[in-house]
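Asks: First the structure, which I've put down as structure tokens, then a few questions once you've had a look.
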Amino acid sequence: MTAHDDRGPWSRSGLVKNGVSSREIPGLYVSEDHSIEECVKHLEGITKPTYSHDEIFGQYCHLGEYIHVPVEVAFEYAANVYSLEEWTFSLRSLHHIGGGLYKGKEFLAKDTSIYVRAEAYPDSRVVDYPCAWDQGDELWMRYHFRFVDARPTIRKPGTIVLWTNVKHPYYDRATEDLPDYISKPRARTDRAWVGDIWPHFDAIHKIEIANLKAILEHRYSKL
């Protein structure tokens with residue numbers, strides 16, 4: 001390796017490898033071992049004409065949407081926790097209870113409180129909403145957002161919103177050895193458990209991201 005290799009902001013020699021070359025790792029599918037023709041056949045083999053709901057939404061729920069407002073506006077709006085009262089389907093009546101933690105009402109289920117934080121990172125335009133039903137000690141429900149400038153991405157002014165949820169084990173009624181603050185509210189018979197709604201997360205979040213788009217474009221699309 002010459003000095004020229006390390007002139008950029010990153011150093012190849014500084015890549016953390018723990019003493020293991022990638023060529024030593026079994027199971028990697030890379031161009032050094034396969035021709036383009038082999039790769040095309042492999043892609044065709046692992047691409048299916050249809051997928052089950054669980055294959056797509058079983059563990060991860062990914063959404064994306066274009067919003068015709070400046071990315072700074074979209075990020076600033078979402079970074080304010082009170083925006084959740086407007087664009088979510090059912091989270092209302094937020095109030096601060098200390099240390100950046102807010103408590104509100106979740107109208108998807110009877111007599112249910114929700115606890116939430118809005119953690120915003122301006123440099124990357126990331127907003128995370130860690131939250132949980134019933135208690136605020138472990139915010140295990142995670143809503144991850146990134147707001148991307150649409151101009152270099154799709155050659156249009158505006159914002160691309162990327163939203164991901166991950167299925168935590170607490171969602172699943174089959175998960176055992178739970179803390180009491182999860183097992184007791186999950187056992188309630190007078191309401192649904194949030195995990196029962198997981199199969200519909202993609203659908204409910206499609207409604208909500210459409211709400212987010214409608215609010216922002218109605219108010220700010222002329223900026």
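The numbers here are math on the coordinates, done by the rules we state, and not lab data. Note that the coordinates shown come from a computational prediction; the quantities given were computed from them, not determined experimentally. When we count neighbours, we look across all protein chains shown, and the Cβ atoms used for this are built from the backbone with ideal geometry, even at glycine.
Asks: With each pseudo-label sitting 7 Å past Cα toward Cβ, what's the Asp180-Leu15 distance in nm, one decimal?
Replies: Those two pseudo-labels are separated by 5.1 nm.
Asks: Calculate the dipole size of the chain relative to its Cα centre from +1 charges on Lys and Arg beta carbons and -1 charges on Asp and Glu beta carbons; express the result in debye to the nearest 20. Please list the in-between numbers first.
Replies: Working: 27 positive and 33 negative charges, 138 e Å.
For this selection, approximately 660 debye.
Asks: Lys105 versus Glu37, label points 7 Å from Cα toward the beta carbon: distance in nm?
Replies: Each label point is offset 7 Å from its Cα along the Cβ direction, giving 6.8 nm.
Asks: So for each of 40-52, 176-188 I average, over its residues, the number of other beta carbons within 10 Å; can you give me the resulting order with the highest mean first?
Replies: My ranking of the peptides, most packed first, is 176-188, 40-52.
Asks: Note the angle between two axes, namely the Cα long axis of helix 201-220 and the longest principal axis of the Cα atoms of the chain, as a number of degrees from 0 to 90, rounded to the nearest 10.
Replies: 90 degrees
Asks: Now, a different point. Rounding to the nearest 20 debye, state how big the charge dipole of segment 138-223 is about its Cα centre with +1 on each Lys and Arg Cβ and -1 on each Asp and Glu Cβ.
Replies: That gives a dipole near 640 debye.
Asks: Enumerate the residues in segment 41-80 having an amide nitrogen under 20 Å from the point lying 7 Å beyond the Cα of Lys167 toward its Cβ.
Replies: Counting backbone N atoms under 20 Å from the label point, the list is 48, 50-64.
Asks: Still on this model: For segment 81-157, give the magnitude of the charge dipole about the Cα centre (Cβ charges: +1 Lys/Arg, -1 Asp/Glu; no others), in debye to the nearest 20.
Replies: Computed charge dipole of segment 81-157: roughly 440 debye.
Asks: Tell me which of Gly8, His144, Ser35 sits at the most positive position along the dipole axis of the chain, charges placed on C-beta atoms (Lys, Arg +1; Asp, Glu -1).
Replies: So the residue furthest toward the plus end is His144.
Asks: Of Lys156/Lys213; Lys167/Lys206; Lys103/Lys167, which sit over 20 Å apart, Cα to Cα?
Replies: Lys103/Lys167
Asks: Now for a different question. Of [x] 1.28; [y] 1.05; [z] 0.94, which is the value of Cα Rg over 2.2 N^0.38 Å derived from the coordinates here?
Replies: Label of the calculated value: [x].
Asks: Let me have the 222 nm mean residue ellipticity of the chain computed from DSSP H runs of 4+ only, each contributing -39500 (n - 2.57), with the sum over all residues rounded to the nearest 500.
Replies: -7500 deg cm²/dmol
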